[in-house]
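The values are calculated or read from the model by the stated rules, or taken from the named source; none is laboratory data. None of these values were measured; they are calculated from a predicted model. Note that each Cβ is placed from the backbone with ideal geometry, even for glycine, and that neighbours are counted across all protein chains shown.
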Amino acid sequence: MADYYSPTVIQQTISEADMTPLERLLLSHIFDSQRDGEGWYFFSEVAPVDMTAIGRGALEAALAASEPDVDSTANVFARKLLAGLKGEELQDETLALDFSETSWESILQDIVRRSPMLRYVSVVSSFTCSRMRADGFGGAVVVISADAILGKSTTDLLEEFIDQVVPWSDG
């Protein structure tokens, strides 16, 4: 069996002052993180996380400490998760976080929108595989600004280059 990896780095350090407590909490569960001066460096040696667990108290405290009138991606995500708890889940001290319906790119975009210093955030990922498979290698870049999230993979670039050098005919 082949194992696929997507090591990822957010190239800019994100200032603590630019993030709400909830955004920092969620990003630190999606990525690994290290303190870098007055901010945080986010990265992942394997891949950004889609599913994880979090202490309910930590999530509720971070949501409460985040500006309640900020309709950020993180706030909407946490409110929806907490409101959707039913039955025995209401008693759980640990909650499952499924980020498949929320993108970390949108969380970062909210941070860029509010930041007085960040004009954009750039993210670089590599795609690797434990076996030499044609679909197991490459990479991607994403640039996140207040107004756009743009990304391209090495496959996208390869297709563009091939279109430039190989004449295609419609007939």
Strands (runs of 3 or more DSSP E) within the range 117-171 that include 3 or more residues within 30 Å of Ala17 (Cα to Cα) and in contact (Cβ under 8 Å) with a residue 40 or more places away in the chain: 120-129
Test: residue in the range 100-109 that is within 19 Å of Asp50 (Cβ to Cβ), out of contact with any His (no Cβ under 8 Å at 6 or more places or on another chain), outside any helix (DSSP H, G or I) and touching a residue at least 60 places away in the same chain (Cβ under 8 Å): no
Single match in Ala2, Ala17 (criterion: over 20 Å from Met51 (Cβ atoms), assigned to a helix (DSSP H, G or I) and more than 16 Å from the chain's Cα centre (by Cα)): Ala17
Test for Ser130: is it exposed (fewer than 12 other Cβ atoms within 10 Å of the Cβ), under 17 Å from Asp50 (Cα atoms) and not basic (Lys, Arg): no
Residue in the range 46-57 that is under 21 Å from Arg114 (Cα atoms), surrounded by 16 or more Cβ atoms within 10 Å (Cβ to Cβ) and modelled with pLDDT of 95 or more present: no
Within the range 37-67, considering residues that are closer than 17 Å to Glu23 by Cβ and β-branched (Val, Ile, Thr), the one nearest to the chain's Cα centre (by Cα): Val49
Residue in the range 39-52 that is among the hydroxyl-bearing types (Ser, Thr, Tyr) and free of Cβ contacts under 8 Å to residues at least 12 places away in the same chain present: no
